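K.L.:
Sharing a structure here in structure tokens format.
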Amino acid sequence: MEIGEHYIVKITDNDINGNGIARIENFVIFILHALKDEELEIEITNINKRYANAKIIKFIKKSNKRCDVACKSYSKCGGCAFLHVNKDIENEIKLDDINKLFNKNIKEILTNNEFNYRNKATFHIKNNTIGYYSEKTHDIVQFDDCLILDNRINEIYKYFKKSSLNNIDNIIVRVTTNEIMVIINGNLKEFNYKELVEKYNINSLYLNDKLIYGNAYILEIFNNLKYTIYPNAFFQINYDNMKILYDKVREYAGKGNKLIDLYCGTGTISLYLSDNFKNVLGIEINKEAILNANINKKLNNITNVEYICGDASILKKDNYDVIVLDPPRSGLSTKLIDKINDIEPTKIVYVSCNYKTLKRDIDLLNKYNLTKIECVNMFSKTKHIEVICLLEKI
Ligand SMILES: C[S@@+](CC[C@H](N)C(=O)[O-])C[C@H]1O[C@@H](n2cnc3c(N)ncnc32)[C@H](O)[C@@H]1O
């Protein structure tokens, strides 16, 4: 087999990355955006030891599950994996993978939206061209409207697309329900922001680490709680589905005496659950997020929550009723898993944006049964999905 060669194949399966899978003499080929049962002429684009990648050249038999793609940059960008199918097929593919891994029969992915949900985007700049990095490369991919971005971010992107971008490396745009933050990073000392700020009602504008216009943070309101967000603090990127997720965390955690919220970010979960517990502690490594968490606690007049800035594994032994875990994709460290196994909280609520590391960690939390598991489509159209689990002590 060589790069550039053409083959006729039948797709036997789909994967979570938006590929169809075929075999040529038992050698696995991943074909970008192909669908199960399709017959295709393909061209090999990349060859590895155990598999090859290919692109579609011609449809011999097209799946009736295929739908029109409204994004011209789909095959170059790599941000989305499921624009060529509707929501039901995307969910079927995602659930199939999760159910196999966890040996479960989850039937539904909870969601409130499908498009225009992302409240944060990073645009990279090369040779005065602004766009996303194409997957696995630093090539710039331009687009007209990104289908998963909040439309206010699309408009700001189009503004920069027409502007001079000399000495700018990247631009980050974040929005909340009512506010907008723009962060411009690069080798420039000043930025003429008047037109941008007035045209798009920007509330906060940073040049590198320096605030050059407006407020130091933007504000989101969730269930009557106010949350401030600094430029480098994490915030859930899908506000409508964050509501579903946090209500599930609240339901799974129940009520009790002591709750610990590990990887607490700006304190969103701990503050939302604080009325159901006597004492709440949040731990988070990002200094800006902890600053936000402490501001948020005061802003909402909540007095039974404390925050510590540090690695999640610094938690001390105590009688916790519930530990909430919401780590980044890499999941938990073995040091933290050993600590949790030693502390033995009654319940663990584990929120994960990577179900593979979630499964690995759950298997190591060996004093617990997985009693509930549900999925929230926080990242519709992409290969990612949020999974929430309740683990109860055996
Ligand atoms: C997926 S976010 C969850 C934040 C929060 N629970 C929320 O819903 O907004 C993960 C958070 O973990 C933090 N983090 C990453 N590594 C950490 C570590 N070793 N210890 C503590 N926090 C960490 C990140 O800064 C980020 O805020």
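K.L.:
Along the Cα→Cβ direction, 7 angstrom out, place labels at Glu155 and Lys356. What is the inter-label distance in nm?
P.N.:
With each label point 7 Å from Cα toward Cβ, the separation is 3.9 nm.
K.L.:
P(r) for the chain, please, calculated from all Cα pair distances in 20 Å bins and given in %.
P.N.:
25, 52, 23, 0
K.L.:
Also, quick follow-up: Between Glu190 and Asp275, what is the label-point separation in nm under the 7 Å Cα-to-beta-carbon projection?
P.N.:
The answer from the label model is 5.0 nm.
K.L.:
Rule-of-thumb check for the stretch 120-216: C-alpha Rg over 2.2 N^0.38 Å?
P.N.:
Cα-based Rg divided by the globular estimate yields 1.02.
K.L.:
Now for a different question. Under 5 Å between amide H atoms, partner at least 5 residues away or on a different chain: which partners does Met378 have, H built in plane at 1.01 Å?
P.N.:
Counting only residues 5 or more places away or on other chains, the set is Glu386.
K.L.:
Within straight cross-link reach of Lys199, meaning Cα distance under 14 Å, which aspartates and glutamates are found once same-chain residues fewer than 8 apart are removed?
P.N.:
Filter leaves Glu155, Glu179.
K.L.:
Net charge near Asn128: determine it from the other residues with C-beta under 14 Å of the C-beta of Asn128, scoring Lys and Arg +1 and Asp and Glu -1.
P.N.:
Net charge in that neighbourhood comes out at +2.
K.L.:
Along the charge dipole of the chain, Cβ charges K/R +1 and D/E -1, which of Leu259, Val349, Asn304 sits furthest on the positive end?
P.N.:
Of Leu259, Val349, Asn304, it is Asn304.
K.L.:
Next up: In whole angstrom, and with the biggest value first, how far do the Cα coordinates of the stretch 236-393 range along each principal axis?
P.N.:
Taking the Cα atoms of the stretch 236-393, the three principal extents are 38, 37, 27 Å.
K.L.:
For a test of the definition: using alpha carbon positions, the gyration tensor, and the 1.5 limit on a/c, classify the stretch 6-107 as rounded, prolate or oblate.
P.N.:
oblate
K.L.:
For each pair in Lys107/Lys335; Lys49/Lys87; Lys298/Lys356; Lys87/Lys107, compute the distance between the two Cα atoms and list the pairs where it is over 25 Å.
P.N.:
Lys107/Lys335; Lys49/Lys87; Lys298/Lys356
K.L.:
Something else: Averaging sequence separations of C-alpha pairs under 8 Å and six or more residues apart, then dividing by the length of the stretch 6-107, give the relative contact order as a whole percent.
P.N.:
After rounding, I find 21 percent.
K.L.:
Give, rounded to the nearest 20 debye, the magnitude of the charge dipole that the chain has about its Cα centre when Lys and Arg contribute +1 at Cβ and Asp and Glu contribute -1 at Cβ.
P.N.:
Value, rounded to 20: 240 debye.
K.L.:
Can you work out the FRET efficiency for the pair Asn26 and Glu135, with r the C-beta to C-beta distance and R0 = 22 Å, to the nearest 0.05?
P.N.:
Using R0 = 22 Å, I get an efficiency of 0.20.
K.L.:
Please compute the net charge surrounding Lys87, taking Lys and Arg as +1 and Asp and Glu as -1 over other residues with Cβ under 10 Å from its Cβ.
P.N.:
Counting the neighbours of Lys87, the net charge comes to -3.
K.L.:
If you count, for each residue, the other Cβ atoms within 10 Å and average over each peptide, how do 149-158, 373-382 line up from highest to lowest?
P.N.:
Those peptides, ordered most packed to least, come out 373-382, 149-158.
K.L.:
Distance between the C-alpha centers of the stretch 209-224 and the stretch 233-249? Whole Å please.
P.N.:
Result: 18 Å between the Cα centres.
K.L.:
Now for a separate question. Hey, which aspartates and glutamates would be in cross-link range of Lys347, C-alpha to C-alpha under 17 Å, not counting anything within fewer than 8 residues on its own chain?
P.N.:
Filter leaves Asp247, Glu251, Asp261, Asp318, Asp321, Asp326, Asp338, Asp361, Asp363, Glu374, Glu392.
K.L.:
Further question: Which net charge results when you count Lys and Arg as +1 and Asp and Glu as -1 among the other residues whose beta-carbon is under 15 Å from that of Asn369?
P.N.:
Summing Lys/Arg as +1 and Asp/Glu as -1 gives +2.
K.L.:
Just name one of His84, Leu291, Val141: the one whose Cα is farthest towards the positive end of the charge dipole of the chain (beta-carbon charges, Lys/Arg +1, Asp/Glu -1).
P.N.:
Checked the options; the winner is Leu291.
K.L.:
With +1 on each Lys and Arg Cβ and -1 on each Asp and Glu Cβ, how big is the dipole of the stretch 155-208 about its Cα centre, in debye rounded to the nearest 20?
P.N.:
140 debye
K.L.:
Using Cα pairs closer than 8 Å and at least 6 residues apart in sequence, work out the relative contact order for the chain, in percent.
P.N.:
11 percent
K.L.:
Rounded to the nearest 20 Debye, what is the dipole magnitude of the stretch 80-211 about its Cα centre when Lys and Arg each give +1 and Asp and Glu each give -1 at the C-beta?
P.N.:
Roughly 300 debye for the stretch 80-211.
K.L.:
How large, in percent, is the carbon and sulfur part of the accessible surface of the stretch 6-107 at a probe radius of 1.4 Å?
P.N.:
Taking all protein chains in place, the stretch 6-107 shows 46 percent carbon and sulfur surface.
K.L.:
Tell me which lysines have Cα within less than 21 Å of Lys76's Cα, excluding those fewer than 8 residues away on the same chain?
P.N.:
Lys55, Lys58, Lys120, Lys126, Lys136, Lys158, Lys161, Lys381, Lys383
The values are calculated or read from the model by the stated rules, or taken from the named source; none is laboratory data. Keep in mind the model is a prediction, meaning the values are calculated, not measured. As a convention, Cβ positions derive from the backbone with ideal geometry for all residues, glycine included, and neighbour counts pool all protein chains shown. Keep in mind that these areas ignore ligands, DNA and RNA; they rest on the heavy atoms of the full protein, side chains included. Shrake-Rupley method; radii C 1.70, N 1.55, O 1.52, S 1.80 Å.
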